[in-house]
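Following: one structure in structure tokens, then a few remarks.
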Amino acid sequence: MIDLHCHILPGIDDGAPDLSISLDMAGASVADGVTDLACTPHILPGLYPNRGPQIRQATQQLQDALDQHGIPLRLVAGADNHIAPDFVAGLRSGHLLCLADSRYVLVEPPHHVVPPRLEETFFGLLTAGYIPILTHPERLSWIESRYEVVARLGRMGVWMQITAGSLAGAFGKSAKYWAERMLDEGRVHILATDAHDTKRRPPNLRLGHDLAAARVGEGEAEHLVATRPRGVLDNVAPSSLPMPTVASSKRAHTIANNFSNANRETKERPAAQRRVRGYSQRGTSRWLRRLFE
């Protein structure tokens with residue numbers, strides 16, 4: 001398997017704090033079945049002011065340490081690039097990083113608010129020849145109210161990467177619901193760990209693979225963790241790679257309709273009635289997600 005999103009570089013962001021944890025994460029990844037791993041620290045000005053040359057050097061230093069300790073894991077450089085002005089210029093200058101110098105680039109939007117001109121940003125990347133990979137959309141707090149934005153991005157050619165832990169419920173019921181729904185609807189291209197340590201957010205790609213296989217089948221699960229990630233590292237054109245398929249059109253249609261109908265009925269219910277039944281506008285969505293999981 002290949003993990004394309006991992007915060008394994010020591011002391012560079014909120015991931016591994018030191019080399020010992022990085023080595024532990026690498027060992028855990030190998031034990032899990034990972035052969036290749038992308039080092040993808042945050043690039044977020046003002047909080048994690050990392051730059052491409054710094055990340056490349058840190059990746060090589062960690063690779064040397066792995067080789068010295070006999071850990072058979074191949075590292076490539078990348079970044080968890082947060083949306084910023086002049087994104088394309090940042091990639092061309094080397095300040096921001098694609099995955100393994102390919103055309104594929106991880107892009108992380110703000111977690112709590114849809115940024116202005118989001119679709120224009122992704123369109124600019126696509127027209128410049130890059131394939132943006134939207135990181136963990138299932139964990140964005142605005143996905144419930146703006147799911148159509150995620151769907152439109154996918155139709156534009158943006159790839160989607162969900163987190164293995166989301167399928168296991170590690171990020172809550174909302175992330176689990178949206179991860180499963182996106183899989184069922186054939187919207188997910190890549191499964192990765194977004195690991196930060198060995199305990200709280202560990203390398204768990206095998207678990208994610210197995211949970212995905214239970215929903216979309218072994219073949220598609222293999223594409224999520226091996227076929228497409230290998231294509232990314234080899235810089236293969238998307239048109240030459242197998243695209244996600246709907247797990248079960250009947251299942252996906254039923255899930256989407258049930259969620260939409262129930263949400264509409266709740267909104268139409270008088271406010272006083274919602275209060276009598278113990279609901280609130282904020283609590284309704286949580287109740288619905290529990291209902292349809």
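The values are calculated or read from the model by the stated rules, or taken from the named source; none is laboratory data. The structure displayed is predicted, hence computed values, not measured ones. Counting neighbours? That spans all protein chains shown, and the Cβs are built from the backbone with ideal geometry, glycine included.
Within the range 8-20, the presence of at least one residue that is over 26 Å from residue 112 (Cα atoms) and assigned to a helix (DSSP H, G or I) is confirmed.
Taking first residues from the range 74-91 that are touching a residue at least 60 places away in the same chain (Cβ under 8 Å) and assigned by TED's automatic domain parsing to the domain that holds residue 39 and partners that are part of a strand (DSSP E or B) and of a type in the set (S, T, N, Q), the Cβ contacts under 8 Å between residues at least 6 apart in sequence or on separate chains come to 80/135. Within the range 174-208, the set of residues being crowded, with 24+ Cβ neighbours inside 10 Å, touching a Pro at 6+ places or on another chain (Cβ under 9 Å) and closer than 16 Å to residue 31 by Cα comprises 192, 193, 195.
From the list 16, 65, the lone residue that is at pLDDT 95 or above and closer than 18 Å to residue 194 by Cβ is 16.
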